[in-house]
Every structure is written in structure tokens, then in C-alpha cells.
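No value in this document is a laboratory result; all are computed from the given coordinates. Model, not experiment: these values are computed from the prediction. Please note: Cβ atoms are built from the backbone with ideal geometry, for glycine as well, and neighbour counts cover all protein chains shown.
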Amino acid sequence: MSEQPIKLAVIIGSVRGGRFGPVVAKWFARQAEEHDAVEVDVIDLLDFPLPLHMPAYGQQPDEQTLEVRNALSARLSAADAFVVVTPEYNHTVPAGLKNTIDWFMQEWMAKPIGLVSYGGMGGGLRAAEHLRQVFAEVHAVTVRDMISFHNAWGDFGGPGQPASPEGADAAAKKLIDQIVWWAHALRDAREKRPYTA
């Protein structure tokens, strides 16, 4: 088994003004950084504005879009695993997150993905379940366990800490352990036999 640390990209999936995602993502990143087998890279999709209109097959995007796509592709490609932090908009995934997923394919393939959702009463669970379907289509593997913050705006107090840190921290550790296991297994498999769709 490979002993190199798992490179975990934590993706902030909302680009909406006034978003709460960075609070949740920073909390999760701190949890992951405490794991001795993980290196964390926080990716804020707000920093990578990809247009909704994609070029036709065989055509290149304009120079500015190409620069953004290539920069994000490099970060995604370097990751062994992902944790996607998502809210729920109209019972589904934020448009900016879905658009970002659609811009890439190889970057996601045969890599594990953990889901952390937040929202009102539903806690973002419908968005998370939709993401399982989307990521399966790009040949990624979502891990079983996830974290969901219901009425998240009231669930975090102080400097970005959950109001009930014991339960949240334990759930984060369990999710990270699962991601690390899958990341090692899939990375070793990709090294022995490259994955092709």
C-alpha cells in the first residue's frame, strides 16, 4: 500500500453571495488536517468562474476560460480524494457546482468523494443524494457516510465551530477515515491498472 499522504481537496460548492459554505468547509478542513494521513487543499469555486456555455466537442474555450479551466484541472487532478461541501438550492445541487462537475471528467474518475451538506430543515440531504447520481456518471465513488447540518446557520457558533462539536467532530473523523481507506485503495488500483471509461 502506498504510504504517501492522501491529497484531499475540500470543495466549497456554493458561489452565491452571502453563502455559508466557507464556514462549513473551513471547519471540515480543520478536522481533516488533524488526520496524519491527509494533506488538505481547499478549493473555492468562486475563484474559478467557468461559464455555463461549454464549447462544442472538439473546440477549445476562449483564452480566459481555458486559463481558469486549466488552473482548476490541475488542482482536481492532483487530488486523491474530494469532499464536496454543498447547500441545497430548490431541492437540488447549486448550479455552479453542477456546472463545475460537468466541465471535467478525467479529474474525477476512480476517486472517492465525501459529501458534507448544510441547509435549513432538510440539511442539504436532497442535494447530497443528487450528487451521488452525478458523480457516479463521471466514474467517481461516493463514500457511504456523510455529514449534514440542519438549520446550519444556528448550528455554528463562535469561530466557525458547530454548537455540538462532539457529534460533528466524531462524524467528520468517521467520514475522513472512510475517504482515506477508499483513496488508498483506488490510488493503488490506478497505479497498477489505469482506469478508463
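Take every Cα-Cα distance within the range 60-114, group them into 5 Å bins from 0 onward, and report for each bin the whole-number percent of pairs it holds.
4, 16, 25, 25, 16, 11, 3
Given N residues in the range 144-197, what is Rg(Cα) / (2.2 N^0.38 Å)?
1.63
Once label points are set 7 Å from the Cα along Cα→Cβ at both H91 and D177, what is their separation, rounded to one decimal in nm?
Going from the H91 label point to the D177 one covers 3.6 nm.
Pairs of Cα atoms under 8 Å, at least six residues apart: use those to get the relative contact order of the chain, whole percent.
On the way: 332 pairs, mean separation 46.2, N = 197.
Computed value for the chain: 23 percent relative contact order.
Hand me the chymotrypsin sites (Phe, Trp or Tyr not before Pro) from the range 14-103 located in a DSSP loop with no more than 10 other Cβ atoms within 10 Å, in residue order please. Intermediate values should be presented prior to the final figure.
On the way: sites: F20, W27, F28, Y57, F82, Y89, W103; in loops: F20, Y57.
Sparse-neighbourhood loop chymotrypsin sites (Phe, Trp or Tyr not before Pro): Y57.
May I ask you to sort R132, R193, R187 by Cβ crowding, counting other Cβ atoms within 10 Å and putting the fewest first?
R193, R132, R187
Where does the chain land on Rg/Rh, using Cα atoms and the Kirkwood Rh?
Over the Cα atoms of the chain, Rg/Rh equals 0.96.
Can you give the helix-only mean residue ellipticity at 222 nm for the chain, where every DSSP H stretch with n ≥ 4 adds -39500 (n - 2.57) and the sum goes over all residues, rounded to the nearest 500 deg cm²/dmol? Walk me through the numbers before you get to the answer.
Details: 6 runs with 83 residues, N = 197.
After summing the helix terms and dividing by the residues of the chain, the value is -13500 deg cm²/dmol.
Starting from the range 109-197, pick out the chymotrypsin sites (Phe, Trp or Tyr not before Pro) whose DSSP state is loop and whose Cβ has at most 16 other Cβ atoms within 10 Å.
Taking the range 109-197 and a limit of 16 other Cβ atoms within 10 Å, the loop chymotrypsin sites (Phe, Trp or Tyr not before Pro) found are Y195.
Placing one identical point scatterer on every Cα of the range 1-84 and ignoring solvent, what is log10 I(q)/I(0) from the Debye formula at q = 0.11 Å⁻¹?
Reported log10 I(q)/I(0), two decimals: -0.38.
For the range 9-54, what is Rg from Cα atoms divided by 2.2 N^0.38 Å, rounded to two decimals? Mind dumping the intermediate values first?
Values: Rg = 12.5 Å, N = 46, 2.2 N^0.38 = 9.4 Å.
Against the compact-globule rule of thumb, the ratio is 1.33.
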